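Peer 1: One structure, pasted below without further comment.
The values are calculated or read from the model by the stated rules, or taken from the named source; none is laboratory data. Note that the coordinates shown come from a computational prediction; the quantities given were computed from them, not determined experimentally. Because the Cβ atoms are built from the backbone with ideal geometry, glycine has one as well, and the counts that use them run over all protein chains shown. Surface areas here come from the heavy atoms of the whole protein model, side chains and all, with no ligands, DNA or RNA. Shrake-Rupley method; radii C 1.70, N 1.55, O 1.52, S 1.80 Å.
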Amino acid sequence: VNGEYSFYYTNQFYKPLISKDVGLTCILSDSLTRNSLFNAMAVRHNYATTGERILLDFKIDGHIMGDAYQWDSTHYPNIIGTIHGTDTLERVEIIKNNLTLKSFTPGSKDYSFNYIDSAATFNSYYYLRVTQVNVQMAWSSPIWLLLNPDTGIEPPSFINNQFDITVY
């Protein structure tokens, strides 16, 4: 149907529904080869939108979305974001452990910020949630601040940035 529609199923009676709204997954990769794309997805170097081609860059201390890194607590995390919307940005939120840490109201299509979390704690995670005035949204993958390995405490089991995928 002109490539404008996607099909999905509901749990009720398994009837297909047609929707014009198609979410997008955006992948941050150093090249467009299959292996690079799958490796980037495996380490969560991606973000999602509700369908608009919103550009999102999110970093903490130089680590990109999807990363988990050993935070040494000798400094507060420096959270940096750059957003290029397709419509006016209504709200940009830094989410920490599923709670809004900081909310910005840009009022323009493009917005950049730099924020220091002076209440950072180990094993916290942060992500961005972006809302445009046309209700389209984007969400970054989280970035995790892990305990220093010298503590002897293991990081959460789902954290593993060591992937090497071969795609045939």
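Peer 1: Scanning the stretch 31-74 for residues that are assigned to a loop (DSSP other than H, G, I, E, B), on the phi < 0 side of the Ramachandran plot and at pLDDT below 90, which turns out most open to solvent (accessible area, probe 1.4 Å)?
Peer 2: Only one residue tops the list, namely THR74.
Peer 1: Among the residues of the stretch 1-21 satisfying the criterion of being under 27 Å from VAL92 (Cβ atoms) and open to solvent by 60 Å² or more (accessible area, probe 1.4 Å), which is modelled with the highest pLDDT?
Peer 2: Ranking the candidates gives ASP21 first.
Peer 1: Looking at the stretch 87-104, which of its residues are under 15 Å from GLN136 (Cα atoms) and open to solvent by 50 Å² or more (accessible area, probe 1.4 Å)?
Peer 2: Once the filter is applied, which keeps residues that are under 15 Å from GLN136 (Cα atoms) and open to solvent by 50 Å² or more (accessible area, probe 1.4 Å), the stretch 87-104 yields GLU90, ARG91.
Peer 1: Report yes if some residue within the stretch 116-125 is open to solvent by less than 60 Å² (accessible area, probe 1.4 Å), modelled with pLDDT of 95 or more, part of a strand (DSSP E or B) and not hydrophobic (A, V, I, L, M, F, W, C); otherwise report no.
Peer 2: No: zero hits.
Peer 1: State the number of residues belonging to the stretch 126-150 that are open to solvent by 60 Å² or more (accessible area, probe 1.4 Å) and of a type in the set (A, V, I, L, M).
Peer 2: Result for the stretch 126-150: 2.
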